[in-house]
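Written out below as structure tokens is the structure these notes cover.
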Amino acid sequence: QKEVEQDPGPLSVPEGAIVSLNCTYSNSAFQYFMWYRQYSRKGPELLMYTYSSGNKEDGRFTAQVDKSSKYISLFIRDSQPSDSATYLCAPGSGGANNLFFGTGTRLTVIP
Amino acid sequence: DTAVSQTPKYLVTQMGNDKSIKCEQNLGHDTMYWYKQDSKKFLKIMFSYNNKELIINETVPNRFSPKSPDKAHLNLHINSLELGDSAVYFCASSQGVGNYGYTFGSGTRLTVV
């Protein structure tokens, strides 16, 4: 079983839609839940993160973690064409342990 | 000012050759990483260095040898290149061990023919 499972998409939505991106994970030791965004032909960039369970909001983006079901979500409100990218979830257990990246969900927001 | 820079951006080479990829960060970070992204976009850790010391060494063929001459530089040398080594290699850095706010370079696209 992979450490992190993520639906690769692709996902196409009209501008202004609410987008839900999701991951599941298997390791109960994960405490940090990162979301990275990767534009085509670029390196991933950190979008936001949460620690342990709960929600975190940053502008149009909300990250949510449910540790009981090992489920990670990223919501994008009022999606924009500039949000078109691949979104990667990446949980980690802290310390010297590395992040585990999902395969990413490719999102296209159509004007 | 580029925070994490990798050279070269593109590398096309024949099977059996030896090649190197260089990475430099000007963020003052202590920890640097090499990741491999395959054709399915899966990002997998290869190596991690903290202050020039190797701390993560995943199951990678020993044809891959990283070197960190100082904490701002991390290079990757690959011997006897194989077709399966074709991928995008990303260098990243973070403030320290366990700090997951990585800054990635723009990648080196390696094609082995």
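The values are calculated or read from the model by the stated rules, or taken from the named source; none is laboratory data. This is a predicted model, so every value here is computed, not measured. Positions of Cβ are generated from backbone atoms using ideal geometry, with glycine treated the same way; all protein chains shown enter the neighbour counts. Calculation scope for accessible area: heavy atoms of the full protein, side chains included, ligands and nucleic acids excluded. Shrake-Rupley method; radii C 1.70, N 1.55, O 1.52, S 1.80 Å.
Couple of notes before you dig in:
- Where B:PRO69 falls short, out of the listed (1) assigned to a strand (DSSP E or B); (2) open to solvent by 10 Å² or more (accessible area, probe 1.4 Å); (3) touching a Ser or Thr at 6+ places or on another chain (Cβ under 7 Å); (4) not small (Gly, Ala, Ser): (3)
- Residue within segment A:100-107 that is within 14 Å of another protein chain (Cβ to nearest Cβ), open to solvent by 40 Å² or more (accessible area, probe 1.4 Å) and either aromatic (Phe, Trp, Tyr) or assigned to a strand (DSSP E or B) (or both) present: yes
- The conditions of being without any contact (Cβ under 8 Å) to a residue 12 or more places away in the chain, under 25 Å from B:SER93 (Cα atoms) and surrounded by 12 or more Cβ atoms within 10 Å (Cβ to Cβ) are met by A:ALA96.
The rows are residues; the columns are (1) over 14 Å from A:TYR25 (Cα atoms); (2) at pLDDT 95 or above; (3) in a loop (DSSP other than H, G, I, E, B); (4) within 11 Å of chain B (Cβ to nearest Cβ).
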| position | (1), (2), (3), (4) |
| --- | --- |
| A:ARG41 | yes, no, yes, yes |
| A:ASN55 | yes, no, no, no |
| A:ALA63 | yes, yes, no, no |
| A:SER68 | no, no, yes, no |
| A:ASP78 | yes, yes, yes, no |
| A:THR86 | yes, yes, no, yes |
| A:GLY95 | yes, no, yes, yes |
| A:ASN98 | yes, no, yes, yes |
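- Subset tally (residues that are open to solvent by less than 80 Å² (accessible area, probe 1.4 Å) and out of contact with any Lys or Arg (no Cβ under 9 Å at 6 or more places or on another chain)) for segment B:21-45: 5
- Boolean, B:SER106 is in contact with a strand residue (DSSP E or B) (Cβ under 9 Å, 6 or more places away or on another chain), under 23 Å from A:PHE100 (Cβ atoms), in a loop (DSSP other than H, G, I, E, B) and open to solvent by less than 50 Å² (accessible area, probe 1.4 Å): yes
Conditions (1) more than 14 Å from every other protein chain (Cβ to nearest Cβ); (2) over 27 Å from A:TRP35 (Cα atoms); (3) outside any strand (DSSP E or B), marked per residue:
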| site | (1), (2), (3) |
| --- | --- |
| B:VAL12 | yes, yes, no |
| B:MET15 | yes, yes, yes |
| B:TYR33 | no, no, no |
| B:SER48 | no, no, no |
| B:PRO61 | yes, yes, yes |
| B:LEU76 | yes, no, no |
| B:PHE90 | no, no, no |
| B:GLY101 | no, no, yes |
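Per-residue answers, yes or no, for (1) open to solvent by 30 Å² or more (accessible area, probe 1.4 Å); (2) of a type outside the set (D, E, K, R); (3) in contact with a Leu (Cβ under 9 Å, 6 or more places away or on another chain):
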| position | (1), (2), (3) |
| --- | --- |
| A:ASP7 | yes, no, yes |
| A:ALA17 | no, yes, no |
| A:ALA29 | yes, yes, no |
| A:MET34 | no, yes, yes |
| A:PRO44 | no, yes, yes |
| A:SER53 | yes, yes, no |
| A:GLY59 | yes, yes, no |
| A:GLN64 | yes, yes, yes |
